[in-house]
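Just so you know, all these numbers are worked out from the coordinates, no wet-lab data involved. Keep in mind that what you see is a predicted model, and the values were worked out from it rather than measured. Note that we place each Cβ from the backbone using ideal geometry, even for glycine, and neighbour counts take in every protein chain shown.
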Amino acid sequence: MITRRAETSREIGSEWPAVVVATGILVLLGGVLITATARWTAADLKDLIGTLSPVLGVVTGAFVTYFFTRQAAASATGAARDAADNVAKAAETTRDQLTSRTEELQSQIQRTQALHNALSVALGMADETTGRKMREDPAISAVLEQH
């Protein structure tokens, strides 16, 4: 968060030269039009404005494009940065959950193997009749056949 504030301050600081240049151009164009109005007739002024119209249109378009797209670009960059941060956090959370689940699964596998070994030992210790009956039991035989 602190890094973003520093970047925002730097971006705001870099807008001042652009504002000064924009103001200078507007003052220059305004000065030309005011001087022309004071010195020339309406017909001459009409010709001057007709000549300067494309320049005024380009300058106005450049101002609007420059200042409004900078804010939009900064906003989009911030949104993209936030989205990347959220994706990174989600990936980390998912990785942690996967690690935890893998550890749980390994623990369950070890317990299952230990129970299977214990059942096999218990069957080996039982007398022949009890061992046969236990092996014929569907639950016990299903477990023993799996391994």
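Tabulated values for the structure
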| quantity | calculated |
| --- | --- |
| On Cα atoms only, tilt of 42-125 relative to the major axis of the chain in degrees | 10 |
| Nearest-0.05 FRET efficiency for ALA83 and LEU105, computed from C-beta distance (R0 25 Å) | 0.20 |
| Estimated 222 nm signal from helices in the chain, with DSSP H stretches of n ≥ 4 weighted -39500 (n - 2.57), rounded to 500 | -35000 deg cm²/dmol |
| Segment VAL121-LEU29, extension gain: residue separation times 0.36 nm, minus the distance between their alpha carbons | 23.2 nm |
| Inter-site label distance for THR51 and THR65 at 7 Å from Cα along Cβ, in nm | 2.5 |
| GLN113-THR130 pseudo-label distance in nm [points 7 Å out on the Cα-to-Cβ vector] | 2.8 |
| For the range 101-147 and the range 30-71, distance of Cα centres in Å | 92 |
| Fully extended contour minus Cα-Cα distance, from ALA43 to THR94, at 0.36 nm per residue | 10.9 nm |
| On Cα atoms only, tilt of 2-39 relative to the major axis of the chain in degrees | 20 |
| For the range 2-146: Kirkwood Rh in Å [reciprocal of mean 1/r, alpha carbons] | 23.9 |
| Leading residue at positive end of dipole, the range 69-130 (Cβ point charges), from ALA88, ALA74, ALA118 | ALA74 |
| Debye log10 I(q)/I(0) at q = 0.14, 0.15, 0.30, 0.32 Å⁻¹ for the range 43-89, Cα point scatterers | -0.54, -0.57, -0.95, -0.99 |
